[in-house]
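Undergrad: Have a look at this one.
The values are calculated or read from the model by the stated rules, or taken from the named source; none is laboratory data. Everything numeric in this text was worked out from a predicted model, so none of it was measured. In this analysis, Cβ positions are derived from the backbone assuming ideal geometry, glycine residues included, and neighbour counts consider all displayed protein chains. Note: accessible area is taken over every heavy atom of the protein model, side chains too, but ligands, DNA and RNA are not part of it. Shrake-Rupley method; radii C 1.70, N 1.55, O 1.52, S 1.80 Å.
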Amino acid sequence: MFNGTKELALEPLFHYGDLRRKSTKANGFAGQDILSVSQFDRESLAYVFARAHEMRQMVETIGYADLLKGYVLACLFYEPSTRTSASFIAAMERLGGSVIPITQGVQFSSVAKGETLADTVRTLEQYADVIVLRHPEIGSARIAADYAGVPVINAGDGAGEHPTQALLDLFTIQEELGAIDGLKIAMVGDLRYGRTVHSLTKLLTLYDVSLRFVSPEILRLPLVLMNEVKDAGLDVRETHDVADVIETADVLYVTRVQKERFTDLAQYEEVKGYYEITAELMQRAKPKMIVMHPLPRVGEIHYAVDSDPRAAYFRQVRNGMYIRMALLAMVLGKA
Ligand code: CP
């Protein structure tokens, strides 16, 4: 375990501002932006998860509904994505809505001619009822929301937050293990730049959980987040070694080292292969536990682990669609 005496002075996390600005209607989410997990409490999370569960049942029985027929989603991605973009598109289409997909590279949009984010969202709001944005800069979703008159959903802003991923992660834990309180959750890998870790950690401070953060020294959780966890009174420890947590973890949340966030690639090379979850390592884990990963993976979890029933990462992917169906219905006032 870390001795706790040397903590890194990492950059403060972005403040997402007045997060209820566009809230006007009954469900509390109608007309709202979704920029940060700070907007959610246990009650609203239970509401989202109940709606997502209904979406699952609907997809598994009839596959399609026309709840959002006539509504249009603009999907604006300045960074690569497979899951987030595809699941928002699938979510909208499964609910009968349609999509403007600017997801195959903004180089094919007028961004390539120098158009600003502000003008781009002010244009898209002329066509769409909701905008989903992924952007490499922390705070970009907040800026877009300030300019857009329609709800903006943050699909990842640099190393900042990825709130819809955190919601689907937490939903997955609940669906797989039946409850969140009382669990021991270990986060492994790039805790410094991993926005999914940042958002999920914030949400977990709402629950009675034990947290274990497993990373190389240079990829430790930002101090400001660690302080949030401690202020919430959670049992928390840091370690470099996944062997310290494998036997006791109920959830092993593994992440990729985020090459694109490093300014010094030599540092990336030093830590990129730090953790590998193997079938042998899994033999030491509890019979009832789950391995999660926001994906994409680049070697952190061996393919041999995929056939283990505890490997939940592709079920987690599917849950993303249900959560995003719920969120779209909610912000469009149809939940
Ligand atoms: N988990 C996630 O955000 O995946 P994508 O980058 O493929 O959207």
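Undergrad: Inside the stretch 69-89, can you point out the residues that are more than 9 Å from the ligand (Cβ to nearest atom) and under 14 Å from Y322 (Cα atoms)?
TA: F88, I89
Undergrad: Give T239, T205, T201, T278 a once-over and let me know the one that is under 24 Å from F171 (Cβ atoms), of a type in the set (V, I, T), modelled with pLDDT of 95 or more and surrounded by fewer than 20 Cβ atoms within 10 Å (Cβ to Cβ). Before you say what the answer is, go through the steps one by one.
TA: On the way: T239 fails: under 24 Å from F171 (Cβ atoms); T201 fails: surrounded by fewer than 20 Cβ atoms within 10 Å (Cβ to Cβ); T278 fails: under 24 Å from F171 (Cβ atoms).
Criteria check complete, one pass: T205.
Undergrad: Under the condition of being free of Cβ contacts under 8 Å to residues at least 24 places away in the same chain and over 25 Å from Y193 (Cβ atoms), which residue from the stretch 120-145 is surrounded by the most Cβ atoms within 10 Å (Cβ to Cβ)?
TA: Looking at the filtered set, the residue picked out is T123.
Undergrad: Check off (1) in a loop (DSSP other than H, G, I, E, B); (2) within 16 Å of the ligand (Cβ to nearest atom); (3) not β-branched (V, I, T) for M92 and give me the number that stays unchecked.
TA: (1)
Undergrad: For the condition within 16 Å of the ligand (Cβ to nearest atom) and assigned by TED's automatic domain parsing to the domain that holds Y275, what is the one hit in L167, L177? Let's see the steps before the verdict.
TA: On the way: L177 fails: within 16 Å of the ligand (Cβ to nearest atom).
Among L167, L177, only L167 is within 16 Å of the ligand (Cβ to nearest atom) and assigned by TED's automatic domain parsing to the domain that holds Y275.
Undergrad: Given (1) more than 16 Å from the ligand (Cβ to nearest atom); (2) out of contact with any strand residue (DSSP E or B) (no Cβ under 8 Å at 6 or more places or on another chain); (3) at pLDDT below 95; (4) open to solvent by 20 Å² or more (accessible area, probe 1.4 Å), where does Q283 come up short, assuming only one miss?
TA: Tallying (1) more than 16 Å from the ligand (Cβ to nearest atom); (2) out of contact with any strand residue (DSSP E or B) (no Cβ under 8 Å at 6 or more places or on another chain); (3) at pLDDT below 95; (4) open to solvent by 20 Å² or more (accessible area, probe 1.4 Å), Q283 fails exactly one: (3).
Undergrad: Name the pairs whose Cβ atoms lie under 8 Å apart, with the first residue in the stretch 308-329 and open to solvent by 40 Å² or more (accessible area, probe 1.4 Å), the second in a helix (DSSP H, G or I) and within 16 Å of the ligand (Cβ to nearest atom), and 6 or more positions between them or separate chains?
TA: Between residues of the stretch 308-329 that are open to solvent by 40 Å² or more (accessible area, probe 1.4 Å) and residues that are in a helix (DSSP H, G or I) and within 16 Å of the ligand (Cβ to nearest atom), the close pairs are R315/T172; V317/R83; V317/S87.
Undergrad: While we're here: Out of all the residues in the stretch 103-117, is one or more crowded, with 20+ Cβ neighbours inside 10 Å, modelled with pLDDT under 95 and either outside any helix (DSSP H, G or I) or within 15 Å of the ligand (Cβ to nearest atom) (or both)?
TA: So far as the stretch 103-117 goes, yes, one or more of its residues are crowded, with 20+ Cβ neighbours inside 10 Å, modelled with pLDDT under 95 and either outside any helix (DSSP H, G or I) or within 15 Å of the ligand (Cβ to nearest atom) (or both).
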